[in-house]
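Comments concern the structure below.
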Amino acid sequence: MRLDVTALALTAGLLWGAAMPIVASANVIWPGYGQAFLALVASVYPGYRPAAGAGSVVIGTLYALVVGAVGGGVFAWMYNLFARRRPGGAA
């Protein structure tokens, strides 16, 4: 079985891209919600600041869309590569 690299990249990008604004918006409404998660994300995404308002939520969401898509694409590509090399793997 092979994975469709484009489909998995889009799926992962949309899922991660949807999770980020949900948690970030909840943090703006309820300070303290997801604070540890958002601090971790802020340490990786330049320009993103937790609880800094709508602009920061948009920045975090854009980063999440790109990172999710790249991560999903790399995962699918590596899966297909290793599945093909395994005896009895996909051709």
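The table below lists the values:
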{"quantity": "Per-region count, segment 35-50, residues open to solvent by less than 70 Å² (accessible area, probe 1.4 Å) and either under 25 Å from Met78 (Cβ atoms) or among the small types (Gly, Ala, Ser) (or both)", "calculated": "5"}
{"quantity": "Restricting segment 1-24 to residues that are out of contact with any helix residue (DSSP H, G or I) (no Cβ under 6 Å at 6 or more places or on another chain) and of a type outside the set (Val, Ile, Thr), the residue that is nearest to Leu65 (Cα to Cα)", "calculated": "Leu14"}
{"quantity": "Residue list for segment 22-34, filter: open to solvent by less than 30 Å² (accessible area, probe 1.4 Å) and either on the phi > 0 side of the Ramachandran plot or in contact (Cβ under 8 Å) with a residue 24 or more places away in the chain (or both)", "calculated": "Ala24, Asn27, Gly34"}
{"quantity": "Unique residue being part of a helix (DSSP H, G or I), farther than 15 Å from Trp16 by Cα and touching a residue at least 24 places away in the same chain (Cβ under 8 Å) when the list is Ala76, Ala64", "calculated": "Ala76"}
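The values are calculated or read from the model by the stated rules, or taken from the named source; none is laboratory data. Computed from a predicted model, the values in this text were never measured in an experiment. Ideal geometry is used to build each Cβ from the backbone, glycine not excepted, and the neighbour counts take in all protein chains shown. Ligands, DNA and RNA are excluded from the accessible area calculation, which covers all protein heavy atoms including side chains. Shrake-Rupley method; radii C 1.70, N 1.55, O 1.52, S 1.80 Å.
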